[in-house]
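**Student:** I have a structure here, written as structure tokens, and I will follow up with some questions on it.
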Amino acid sequence: MSEALKLDSIIPDHVFDGGDLDCGSGLVLLIRENMKKVPVGGIMEMRSIEPTVCDDLPPWCRMVGHDYLGQLGSSKQARFFIRKNEAVKDDDKALQEDKKRAKEIE
């Protein structure tokens, strides 16, 4: 069975659309907010039309401790799959601090 077929059969616990945001302009905050809606071990599907996300999302997942499962579609219109891990610590606190900093910049 091909990897694409496995991803295509995933029924995510939560889906959200990241639109045209890249990881450096707010997408990471949205991902983190939406991951709060996913149970540990659950899968989130994130949709994006930003081509750079396919390069930036896998290392971000490794850095924070989530499992990057892969993507379906092209880099211009993709569905990304992330499994939430319990290893992610203090993410709620870090998310609140990041939101506060983002509001101060606005």
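The values are calculated or read from the model by the stated rules, or taken from the named source; none is laboratory data. Remember, predicted model here, so these are calculated numbers, not experimental data. Because the Cβ atoms are built from the backbone with ideal geometry, glycine has one as well, and the counts that use them run over all protein chains shown.
**Student:** Select from the range 8-28 the residues that are over 21 Å from residue 86 (Cβ atoms), touching a residue at least 60 places away in the same chain (Cβ under 8 Å) and not small (Gly, Ala, Ser) and list them in ascending order.
**Tutor:** Correct list: 8 only.
**Student:** Looking at the range 38-60, I want the residues that are of a type in the set (Ser, Thr, Tyr) and have a partner that is buried (at least 16 other Cβ atoms within 10 Å of the Cβ) and in a strand (DSSP E or B) with Cβ atoms under 6 Å, at least 6 apart or on another chain. Which pairs are those?
**Tutor:** From residues that are of a type in the set (Ser, Thr, Tyr), the pairs are 48/78.
**Student:** Working only within the range 61-87, note down all residues that are more than 13 Å from the chain's Cα centre (by Cα), surrounded by 13 or more Cβ atoms within 10 Å (Cβ to Cβ) and touching a residue at least 12 places away in the same chain (Cβ under 8 Å).
**Tutor:** Residues satisfying the conditions are 72, 75.
**Student:** Now for a different question. Name the single residue that is surrounded by the fewest Cβ atoms within 10 Å (Cβ to Cβ) among those in the range 39-56 being at pLDDT below 95 and within 12 Å of the chain's Cα centre (by Cα).
**Tutor:** 56
**Student:** While we're looking at this one, here's another question. Have a look at 73, 65 and point out the one that is at pLDDT 70 or above, under 15 Å from residue 20 (Cβ atoms) and not aromatic (Phe, Trp, Tyr).
**Tutor:** When all the criteria are applied, what remains is 73.
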